[in-house]
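The values are calculated or read from the model by the stated rules, or taken from the named source; none is laboratory data. Fair warning: this is a prediction, and the values are worked out from it, not measured in the lab. Cβ placement follows ideal geometry from the backbone for every residue including glycine, while neighbour counts extend to all protein chains displayed.
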Amino acid sequence: MAIDGAKFKAVNTRDRNFTKGKVKRRREQIEESVARYLHQLDSADRQEPSLARTTKTARLTDKITMLREEMGRLEEREALMLATEDQQISLTDPDARSMATSGRGSGMVGYNVQSAVDTKHHLIVAHEVTNVGTDRAQLAHIAKRTMAALQVDKLDVVADRGYFSSDEILDCHKANITVSLPKPQTSNNRLKGKFVKADFRYVKEDDAYICPAGERLVYHFKNQENGKTFHRYWTNVCQHCAIKDQCTTDKQRRITRWEHEDILDEVQRRLDEQPEKMRMRRETVEHPFGTIKCWMGYTHFQMKKLKNVGTEMALHVLAYNLKRVINIMGIRPLTAAMMAA
Ligand code: SF4
């Protein structure tokens, strides 16, 4: 199963969605415009002949009044927005949320549709409409829904790096779900020519890491952070290391290992052994999402509110799956199978 999330537009336009960032930017624009018009008023008073001055002054005064009225409306919306749990309001569809997309400046107000698509036939096995902008906390939930839909007790899923969350991967592991997904690169050290954690090899039998200089970093202690247990490893020979400049500016390089990191190592090993899985994932999920978006047209959803949008999406998914099965089996065998069921 390939798991992915796709952003679909709500009926709510970007102008009718307010977040802290958008309010701040709009306030700055209004203040800049008011300052510019006030400056022009000042110049008109000094330079223009009297008739032209009166006309220009009236025009500029109108503009300033309109901007001050807009500022008043913006402040009312800001107060409403700050009173909500996620500090965001959408005026047309209250459940729609601002969603970042991969294209620069192409964010939209909409919904994030999670789906699991089978890699062989490209059928949508499970889906769910959410208004959560990121995929990070979605993996285990949609994978478990997929298992329930298929009535199986184990599942193999592939997802993109946006889903990488150690808690979600652990949750999947406990539910007998095998996950393949790449780890996001969060450190810039590799680009700076420095060693990253992946350059340190973990030796399970010894519970130790081997560093790029061939030294053993042994276990020293464990501690808790945000409810998780981490083990710490280091060696005392770093001060004499010839390649320390590439490694650390501290007295010694310390490596941190989560108590369940074996599971993350397994995920990476699977990906290293089958790198084609990521290509297969992309090709699989592009098919249904591309088709459904094409059917929906430029505006995507027609309905408002999560529950109604969920129904709208379910109808699209049903139509997609039906057309897909007709293409795979042919209409007569499908009808016969349905009659026999
Ligand atoms: S600085 Fe320490 S951990 Fe880093 S390569 Fe040298 S010996 Fe290994």
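Summary of computed values
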| item | result |
| --- | --- |
| Number of positions in segment 117-158 that are closer than 19 Å to TYR320 by Cα, part of a strand (DSSP E or B) and touching a Ser or Thr at 6+ places or on another chain (Cβ under 7 Å) | 5 |
| Qualifying residue in segment 81-96 (condition: surrounded by 14 or more Cβ atoms within 10 Å (Cβ to Cβ), more than 30 Å from GLU128 (Cβ to Cβ) and either outside the structural domain of LEU123 (by TED's automatic domain parsing) or in contact with a Cys (Cβ under 8 Å, 6 or more places away or on another chain) (or both)) | no |
| Pairs with Cβ under 7 Å, 6+ apart, first in segment 183-200 and within 25 Å of LEU139 (Cα to Cα), second more than 14 Å from the ligand (Cβ to nearest atom) | LYS183/ARG161; LYS183/PHE164; LYS183/GLN268; PRO184/ARG161; PRO184/PHE164 |
| Condition met for ASN226 (at pLDDT 95 or above and within 27 Å of the chain's Cα centre (by Cα)) | no |
| Matching option when the condition is under 30 Å from ASP207 (Cα atoms) and either of a type in the set (A, V, I, L, M, F, W, C) or more than 16 Å from the ligand (Cβ to nearest atom) (or both), among LEU315, LEU306, LEU271 | LEU271 |
| Matching residues in segment 199-245 - criterion: being near the ligand (Cβ under 8 Å from one of its atoms) and surrounded by 12 or more Cβ atoms within 10 Å (Cβ to Cβ) | PHE200, CYS211, PRO212, ALA213, GLU215, LEU217, TRP234, THR235, VAL237, CYS238, CYS241, LYS244 |
| Single condition SER102 does not satisfy, out of (1) in a helix (DSSP H, G or I); (2) loosely packed, with under 12 Cβ neighbours inside 10 Å | (1) |
| Only one of GLU259, GLU276, GLU283 that is among the acidic types (Asp, Glu), more than 16 Å from the ligand (Cβ to nearest atom) and modelled with pLDDT under 90 | GLU283 |
| Any hit, segment 161-176, residues being over 26 Å from ARG145 (Cβ atoms) and buried (at least 16 other Cβ atoms within 10 Å of the Cβ) | no |
| Residue among THR256, THR248, THR284 that is among the hydroxyl-bearing types (Ser, Thr, Tyr) and either in a helix (DSSP H, G or I) or exposed (fewer than 13 other Cβ atoms within 10 Å of the Cβ) (or both) | THR284 |
| Residues of segment 1-52 that turn out to be among the small types (Gly, Ala, Ser) and outside any helix (DSSP H, G or I), as a count | 4 |
| Which listed residue is exposed (fewer than 15 other Cβ atoms within 10 Å of the Cβ), assigned by TED's automatic domain parsing to the domain that holds ILE124, more than 22 Å from SER180 (Cα to Cα) and touching a residue at least 60 places away in the same chain (Cβ under 8 Å), from GLN302, GLN274 | GLN302 |
| Index of the failed condition, ALA337 passing every other in (1) under 22 Å from PRO182 (Cβ atoms); (2) assigned to a helix (DSSP H, G or I) | (1) |
| Residue within segment 83-94 that is in a strand (DSSP E or B), within 30 Å of ARG281 (Cα to Cα) and among the hydroxyl-bearing types (Ser, Thr, Tyr) present | no |
